[in-house]
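One structure is given below, encoded as structure tokens.
Any read-out appearing in this document is the output of simple, stated calculations on the displayed coordinates, not a laboratory observation. Worth saying up front: this structure is predicted, and the values here are computed from it rather than measured. We place every Cβ from the backbone using ideal geometry, glycine too, and count neighbours over all the protein chains shown.
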Amino acid sequence: MRASRWAGERGAVAGAALLVLLLCTAGAPPVHHSVGGKVPSDHPRVALMPFENLAGREEQSQLFTKVFFAGVVASGAFEMVDPSRVDLAMDSLGVRASGSMTPAEIRAMGDTLHVSYLLLGSVLESGTVTSEDGPLPAVGAALRLVEASSGRVVWAGVHFRSGDDRESVFGWGRVKSLEKLVNQMATEMLADFRSAGARYAKTEKKS
């Protein structure tokens, strides 16, 4: 059950694919984009669900989940629930894949974990690109902040990165490690996330 949980279900690919189609064109450079939204500024309690896998490599979901969890904790934006508690809640509620959760399951997870929001992530790409010196990693992910009580998406972002995005002369800036590239992408996405929170906080003060 655990392997299928981390892998997610293919039926959830339509929503993520729509994001990609909106943000990418054939032959375009890797996308670095945040769809945007409003991020609560009151440091709410949040649970990060295991990333669903839409890239065909089951083991990568665990890597993305681990890296993004560490990034969110480091950002200090939320009070995060321990991943082991999320696993137990999924088992007790019979939730198999975060990407195909129903509104009722989202509410049940929120009630069980006593959280206001869930973070739902998807691995959109985890492969390689060709370079003169051999293959380099290429990754993509989508992340959504969902209000547990209503199932409403309050923020969403999607990013793509490849190992040669920041390459300069003599190969400086090239990233050969998949985990390092995922970490860079998570850092960029969460920076956009924090920026959205700061903008929302300013809006709240003005109102």
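Quick look at the numbers
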item	result
Neighbour-count ranking [beta-carbon atoms within 10 angstrom, fewest first] of Ser84, Ser122	Ser84, Ser122
Phi-based couplings in Hz for the stretch 66-72 (Karplus 6.51, -1.76, 1.60; Gly and Pro marked x)	4, 5, 5, 4, 4, x, 5
Added length on full extension, which subtracts the Cα-Cα distance from 0.36 nm per residue, Asp87 to Ser100	3.1 nm
Local electrostatic count at Val158 - Lys and Arg +1, Asp and Glu -1, tallied over other residues with Cβ under 12 Å	-1
Radius 14 Å from Cβ of Tyr117, net charge of other residues (Lys, Arg +1; Asp, Glu -1)	+1
Ranked packing of 138-151, 90-103, most packed first, by mean Cβ within 10 Å	138-151, 90-103
Charge sum, other residues only, whose C-beta stays under 13 Å from Ser75's C-beta, Lys/Arg counted +1 and Asp/Glu -1	-2
